[in-house]
Amino acid sequence: MSDIKPLLYKGKPLVRQGQYLFYGDPEDKAILFMNILETRKEGDLNVASKVLVQIQRTDDDLGFNEKVIKQCEKKSFYDAFEIGTIWLDRELRNK
């Protein structure tokens, strides 16, 4: 077993697996999921140019389509993460 701790942002885990990013506590009722669909070159870096943003329920008893609460596409990682964290905060505040 690994002792690697996930990166935390505002107290919540932020995990990247390839082009997928997950933000939030899996014990909460919802998390932010982002899929980098397209990238472009800026110098030596690949920069996200199309990102799918979803707020998903964490209930394992639900099917994939039932898990998606809200979604959109954004043209930058910054915009995707910004709207995603706003949506996630709102969803977690709702009971």
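Observations, loosely collected:
- Restricting the stretch 1-67 to GluC sites (Glu not before Pro) in coil, as DSSP defines it, with at most 16 other Cβ within 10 Å: Glu27
- Surface composition of the chain: carbon and sulfur atoms hold 49% of the protein heavy-atom accessible area at a 1.4 Å probe.
- Rounded accessible area per residue of the chain, 1.4 Å, Å²: 72
- A simple spin-label model places pseudo-atoms 7 Å from Cα toward Cβ; at Glu42 and Gln17 they are separated by 2.7 nm.
- Taking all pairs of distinct alpha-carbon atoms in the stretch 26-93, Kirkwood radius in angstrom: 12.7
The values are calculated or read from the model by the stated rules, or taken from the named source; none is laboratory data. If you're wondering where the values come from, they're calculated on a predicted model, not measured in any experiment. In this analysis, Cβ positions are derived from the backbone assuming ideal geometry, glycine residues included, and neighbour counts consider all displayed protein chains. Surface accessibility is based on the protein's heavy atoms, side chains included, excluding ligands, DNA and RNA. Shrake-Rupley method; radii C 1.70, N 1.55, O 1.52, S 1.80 Å.
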